[in-house]
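Enquirer: Below you'll find the structure I mean.
The values are calculated or read from the model by the stated rules, or taken from the named source; none is laboratory data. All values reported here derive from a predicted model rather than from experimental measurement. With ideal geometry, Cβ positions are generated from the backbone for all residues, glycine too; neighbour counts draw on all protein chains shown. Heavy atoms of the whole protein, side chains included, go into the accessibility calculation; ligands, DNA and RNA do not. Shrake-Rupley method; radii C 1.70, N 1.55, O 1.52, S 1.80 Å.
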Amino acid sequence: PIYTLPPLSKKEELYLNEAGFNFVKKCIEAVEARGINAMGLYRMSGVNSKVQKLMNTVFAPKAAPDMELDTELWDMKTITSGLKNYLRCLVEPLMTYKLHKDLIAAVKSDDQNYRVR
């Protein structure tokens with residue numbers, strides 16, 4: 001399934017902003033608290049209508065950037081699908097193109113300190 005974010009009003013919103021960063025953080029916290037041991041956590045998709053509702057709720061123009069993600073209202077597949085969708089919609093990936101060569105060099109390194117710095 002392909003999900004879309006609600007219409008974004010500003011070009012800056014296609015970049016990782018405060019609301020987006022908070023959403024990513026809240027999704028990860030929810031997964032760590034409730035679903036970290038679930039099979040196929042990020043592989044299985046949530047129901048399209050529920051994911052769309054989550055995205056519309058979180059990224060509504062009047063939504064507070066630091067709003068809480070109600071983990072009782074949203075199931076794990078909906079949360080993980082929303083997270084994947086948001087990351088997919090970003091103009092530039094979290095691991096930017098500029099840092100790609102450094103990431104590859106760190107991964108190939110045998111030096112533990114170099115890999116994690």
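Enquirer: Filter the stretch 49-59 down to the residues that are open to solvent by less than 20 Å² (accessible area, probe 1.4 Å) and under 24 Å from Met39 (Cβ atoms) and list them by number.
Expert: Step one: filter the stretch 49-59 for residues open to solvent by less than 20 Å² (accessible area, probe 1.4 Å), giving 51, 54-55, 58.
Selection gives Val51, Leu54.
Enquirer: Only residues that are within 30 Å of Asn56 (Cα to Cα) and either outside any helix (DSSP H, G or I) or touching a residue at least 60 places away in the same chain (Cβ under 8 Å) (or both): list them for the stretch 94-117, please.
Expert: From the stretch 94-117, those within 30 Å of Asn56 (Cα to Cα) are 94-97; that's our starting set.
If the condition is that a residue be within 30 Å of Asn56 (Cα to Cα) and either outside any helix (DSSP H, G or I) or touching a residue at least 60 places away in the same chain (Cβ under 8 Å) (or both), then Leu94, Met95, Thr96 are the ones that fit.
Enquirer: Please determine, by comparing only the residues of the stretch 17-44 that are within 16 Å of Val58 (Cα to Cα) and among the aromatic types (Phe, Trp, Tyr), which one is least open to solvent (accessible area, probe 1.4 Å). Give the steps one after another, and end with the answer.
Expert: Within the stretch 17-44, the first condition is being within 16 Å of Val58 (Cα to Cα), and the residues that meet it are 17-30.
Adding the requirement that they be among the aromatic types (Phe, Trp, Tyr) leaves 21, 23.
On the way: Phe21: 118, Phe23: 5 Å².
Only one residue tops the list, namely Phe23.
Enquirer: For the stretch 40-79, give me the residue count where each residue is in a loop (DSSP other than H, G, I, E, B) and either touching a Cys at 6+ places or on another chain (Cβ under 7 Å) or at positive phi (or both).
Expert: Total meeting the criteria: 2.
Enquirer: Only one of (1) part of a helix (DSSP H, G or I); (2) surrounded by fewer than 14 Cβ atoms within 10 Å (Cβ to Cβ) fails for Val91. Which number is that?
Expert: Every condition holds for Val91 apart from (1).
Enquirer: Considering every residue within the stretch 95-108, establish whether at least one is under 14 Å from the mean Cα position of the chain (by Cα) and either of a type in the set (Asp, Glu) or open to solvent by 30 Å² or more (accessible area, probe 1.4 Å) (or both).
Expert: Step one: filter the stretch 95-108 for residues under 14 Å from the mean Cα position of the chain (by Cα), giving 95.
Within this subset, residues satisfying the condition of being either of a type in the set (Asp, Glu) or open to solvent by 30 Å² or more (accessible area, probe 1.4 Å) (or both) are 95.
So far as the stretch 95-108 goes, yes, one or more of its residues are under 14 Å from the mean Cα position of the chain (by Cα) and either of a type in the set (Asp, Glu) or open to solvent by 30 Å² or more (accessible area, probe 1.4 Å) (or both).
Enquirer: Identify all residues within the stretch 60-85 that are under 13 Å from Ile28 (Cα atoms), open to solvent by less than 60 Å² (accessible area, probe 1.4 Å) and at pLDDT below 90; write none if there are none.
Expert: Within the stretch 60-85, Leu69, Thr71 meet the criteria.
Enquirer: Going by what's in this entry, would Leu99 be described as more than 18 Å from Ala19 (Cβ to Cβ) and aliphatic (A, V, I, L, M)? Spell out how you get there, then give the answer.
Expert: Numbers: more than 18 Å from Ala19 (Cβ to Cβ): yes; aliphatic (A, V, I, L, M): yes.
Taking the combined requirement at face value, the residue satisfies it.
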